[in-house]
1. Suppose the chain between S139 and A102 were pulled fully straight at 0.36 nm per residue; how much longer would it get relative to their current alpha carbon spacing?
2. For D72 paired with R23, estimate the spin-label separation in nm (one decimal), with each label point 7 Å from Cα along the Cα-to-Cβ line.
3. Take the stretch 1-115, drop everything but the C-alpha atoms, weight them equally and run the Debye formula without solvent; then report log10 I(q)/I(0) at 0.17, 0.19, 0.20, 0.22 Å⁻¹ to two decimals.
4. Quick one: order F148, F64, F104 by neighbouring beta-carbon count within 10 Å, fewest to most.
5. Applying 1/(1 + (r/R0)^6) with R0 = 45 Å to the Cβ-Cβ distance of L109 and Q146, what FRET efficiency is obtained, to the nearest 0.05?
6. Which order do E12, E22, E53 fall in if you start with the one that has the fewest other Cβ atoms within 10 Å?
7. I need the phi-derived Karplus couplings for the stretch 48-65: 6.51 cos²θ - 1.76 cosθ + 1.60, θ = phi - 60°, integer Hz, Gly and Pro marked x.
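Where a number appears in this text, it was derived from the coordinates with a stated rule and is not lab data. The structure presented is a predicted model; accordingly, all values stated were derived computationally and were not measured. So basically every Cβ, Gly included, is an ideal-geometry build from the backbone, and we count neighbours across all protein chains shown.
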Amino acid sequence: MSGGLTPPTVPEPPPSAPESSERRQSRVAGVAQVAVIALAFVLAGVAAGWLWEAWWRPPSGLAFNHRFFLDDQGLQRDFAGTGTYVLVAAGTGLALGSLLGALFRRRALLTLVAVVVGASVAAWVMARTGHALGPADPSVAARTSQDFDPLDADLRVVGLTPISCCRPPPWPAWS
């Protein structure tokens, strides 16, 4: 006889299917959010590159000894390409980043990371698009040109403007 003792029962594990299904849906929603943000920034980069090229006027120059040189007016307008790039990129990035931040509030940290990476990609896409739509490299044309033939400069960003604006200064800001 067992003496009134009952055998121990093994508790059943809690159902885990709904939890994993919720996690999977959350991951899919996060991936979809990042994809939407990335696509929005790539398209904005193309549109901003087109606007940059449409707004910019090429600096003038000339060929001499089969090399390209900016003339007096070209030297004055040489910074216009980079300056216009910064204005268009900053306005586009601020507007799109604000819009996407308002749309995707639920996952703020994921949105922030996706916007920062997307904005960096958009800056590169904008520079490539504007350069492709602008005039050809004048140094190539100057190789086959006669002396003093007029040429227009190409659309480019001088220096590391898109990168350097995001880099901290090499010294403490308070010194």
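1. Computed gain between S139 and A102 is 8.7 nm.
2. In this crude spin-label approximation the distance works out to 7.3 nm.
3. -0.93, -1.02, -1.06, -1.16
4. Values: F148 10, F64 14, F104 19.
Going from sparsest to densest Cβ surroundings: F148, F64, F104.
5. So the FRET efficiency works out to roughly 0.15.
6. Values: E12 6, E22 10, E53 21.
With the fewest neighbours first, E12, E22, E53 line up as E12, E22, E53.
7. Couplings: 5, x, 5, 4, 4, 5, 5, 7, 7, 10, x, x, 8, x, 8, 8, 8, 6 Hz.
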